[in-house]
1. Answer yes or no as to whether L239 is assigned to a loop (DSSP other than H, G, I, E, B), outside the structural domain of I169 (by TED's automatic domain parsing), surrounded by 15 or more Cβ atoms within 10 Å (Cβ to Cβ) and modelled with pLDDT of 90 or more.
2. List the pairs whose first member sits in region 326-341 and is touching a residue at least 40 places away in the same chain (Cβ under 8 Å) and farther than 16 Å from A93 by Cα, whose second member is in a helix (DSSP H, G or I) and among the hydroxyl-bearing types (S, T, Y), and whose Cβ atoms are under 9 Å apart, counting only residues at least 6 apart or on separate chains?
3. Do any helices (runs of 4 or more DSSP H) entirely within region 1-115 hold 3 or more residues that are surrounded by fewer than 16 Cβ atoms within 10 Å (Cβ to Cβ) and modelled with pLDDT of 80 or more, and if so, which?
4. Return the residue satisfying two criteria in turn: it lies in region 231-273 and is closer than 19 Å to S283 by Cβ and among the acidic types (D, E), and of such residues it is farthest from the chain's Cα centre (by Cα).
5. Please go through region 264-311 and give me each residue that is in contact (Cβ under 8 Å) with a residue 40 or more places away in the chain, among the hydrophobic types (A, V, I, L, M, F, W, C) and either not assigned by TED's automatic domain parsing to the domain that holds R249 or not in a helix (DSSP H, G or I) (or both), ordered by number.
Amino acid sequence: MDFNITTVTDIFFRVAAVGQLFMFFTILIRPNSFSRYKNILLLGLCIASYLLLSAPIADEQYGFLRNILLIFTDYMAFAFWLVIYPLFNQFPAKKIMKYLFAGIFAGNIIFFGFTDGDGFYHVMVHWISLFLLFHCIYMAISGLNDDLMDQRRKFRVWFTGITCLIFSIIAYSEIFDDSIRHTPAFSALISIGFFILIAYMGRILISPSLSDILIVPDSNKNPNINDIPNKYKAHYNALNKFMSEGGYRQENLSIKNLSYTLSIPEHQLRYLINSCLGYRNFSTYLNEYRIKEACERLKDENEASTQILTIAMDLGYGSVGSFNRAFRNETGKSPREFKAKE
């Protein structure tokens, strides 16, 4: 190994990044934190595996450990998706995705456990990884304005952006240009990128005021007006009046439009719905009102001949598909199944 400034820089940031991960593992591995942060721990394990495996060390020096590290290294994008999806998506992941992810991990164990890690399967995993990274970017951007928490909106941009950039560069080097992966400059840049990413993530994990970014709050469907800060009581009453009068039926209703209608500063309205009422995003809050009325109409004998599409449009949904997803998320059933059982 030639110890030049690039290699020394690479080793320094690589060791520092792994050290940060080890420190966070000791914090998050506790019983009261493990279930909450298990996907983040998995992502950290995958990143640590990559940093160890891609170090400027000859492959034969790793022995059997190389195969174990490969299993987690090629699972990085999948672990990242598992972190991002529940944070940025109001609908639970479909079972087929769970089966796919379990299948990929099992495939990694079989393929990397008994081979040197090259071949069609290896390339296929990286192509799937690229697709998942694009999906993570889509989730981060599509729900940006709907997210009620200011710090989490910043998290969407920076954490998703930095992570997807690093992972995409790694996937590109694995699929299209394997030669750059072995250059000292590439290795050093990736190490520095991971160091910055882990430092940013660590700041969120250890800060009491920021760690809520990674937690989905429980909704407070029957808030006590006395528990709401005095500054927001008038805002709460105005919001409650608007929703009780059927304002939620407006099509394309957004937090920005509602803020303008109620003459409430947008950041205060976001705080009220998120911190005082406990909703993660505006769509979740809005759907609760809409789906409640939908259930009442589907149970109403006088509405027996009303088509589901009509109910969806009356409640402000732009399509029956978005209505069906929201309805199933709230009730566990499709509108048709719900109506059939009533």
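The values are calculated or read from the model by the stated rules, or taken from the named source; none is laboratory data. In this text the structure is predicted, and so the values were computed from the model without any measurement. Virtual Cβ from ideal backbone geometry, glycine too; neighbours counted across all protein chains shown.
1. Details: assigned to a loop (DSSP other than H, G, I, E, B): no; outside the structural domain of I169 (by TED's automatic domain parsing): yes; surrounded by 15 or more Cβ atoms within 10 Å (Cβ to Cβ): yes; modelled with pLDDT of 90 or more: yes.
Answer is no for this residue.
2. F338/T331
3. Numbers: elements: 5-28, 31-53, 65-73, 76-88, 95-114.
Counting at least 3 such residues, we get 5-28, 95-114.
4. E251
5. Selection gives L277 alone.
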